[in-house]
1. If I model a spin label as a point 7 Å beyond the Cα along the Cα-Cβ vector, how far apart are those points for K9 and S94 in nm?
2. What dipole magnitude, in Debye to the nearest 20, does the stretch 1-136 give about its Cα centre under +1 on Lys/Arg Cβ and -1 on Asp/Glu Cβ?
3. Which residues does the label zone of D71 cover in the stretch 4-33, counting backbone N under 15 Å from a point 7 Å along Cα→Cβ?
4. Suppose only helical runs count, i.e. DSSP H with n ≥ 4. What mean residue ellipticity at 222 nm does that imply for the chain under -39500 (n - 2.57) per run, divided by all residues and rounded to the nearest 500 deg cm²/dmol?
5. What FRET efficiency, computed as 1/(1 + (r/R0)^6) with R0 = 35 Å and r the Cβ-Cβ distance, is obtained for R112 and I30, rounded to the nearest 0.05?
6. Count neighbours as other Cβ atoms within 10 Å of each site's Cβ, and list the chymotrypsin sites (Phe, Trp or Tyr not before Pro) in the stretch 63-112 that are DSSP loop with at most 13 such neighbours.
7. Can you tell me what percent of all Cα-Cα pairs in the stretch 1-128 are more than 23 Å apart?
8. For a quick check: with amide H placed at 1.01 Å from N, whose amide H comes under 5 Å from Y48's, ignoring anything fewer than 5 positions away on the same chain?
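What follows is calculated from the coordinates using simple rules that are stated; it is not laboratory data. Small disclaimer: the values here were computed from a predicted structure and weren't measured. Note: ideal-geometry Cβ built from the backbone for every residue, glycine included; neighbour counts use all protein chains shown.
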Amino acid sequence: MVDTSLEGKEYSPFTFEVDRSKIKELCMAIGDNNPLFFDKEYAIKQGYKDTPAPLTFATVMNFWGNPEIWDRMKEIGIDIKRLLHAKEEYEYFSPIYPGDILKGVMSVDSIRSSSLMDMVTFKSTFTRDGEVVLIAKMTIVVMQQ
């Protein structure tokens, strides 16, 4: 069972530099061959300053930029062997581009606990030069034994 007293806890910030190759890797992994994510000239013609990161790129940033995420889950009582992914939410305020250096801060947004399962939502806020560019929420479910 998770420690519900940790709802609202904010963890130390982390930094993630957006790399063009990571954008391409994600697109290839999910089968998205949209030239917007691969061809800088095409992206510029579409009104972007470079190839933007796809909408689900926040997950890459959370796990590659914050590898301690697994330890954070364990600290609040999550048995990661029993973890199920429930949903992701993304609120973009600005496109994210290769070369951006983002500061991420993860917090425990909410915890719901019952005798059958725990539901935990983590919120990561990403800023570029002090300005919020993205708020990403990840909800997981942990079934009780």
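1. Label at K9, label at S94, 3.1 nm between them.
2. Here the stretch 1-136 has a charge dipole of around 200 debye.
3. It comes to 11-15, nothing else.
4. My calculation for the chain gives -6000 deg cm²/dmol from helical runs alone.
5. Result of the calculation: an efficiency of 0.75.
6. Here the sparse-neighbourhood loop sites are F93.
7. That tail contains 40 percent of the Cα-Cα pairs.
8. Counting only residues 5 or more places away or on other chains, the set is empty.
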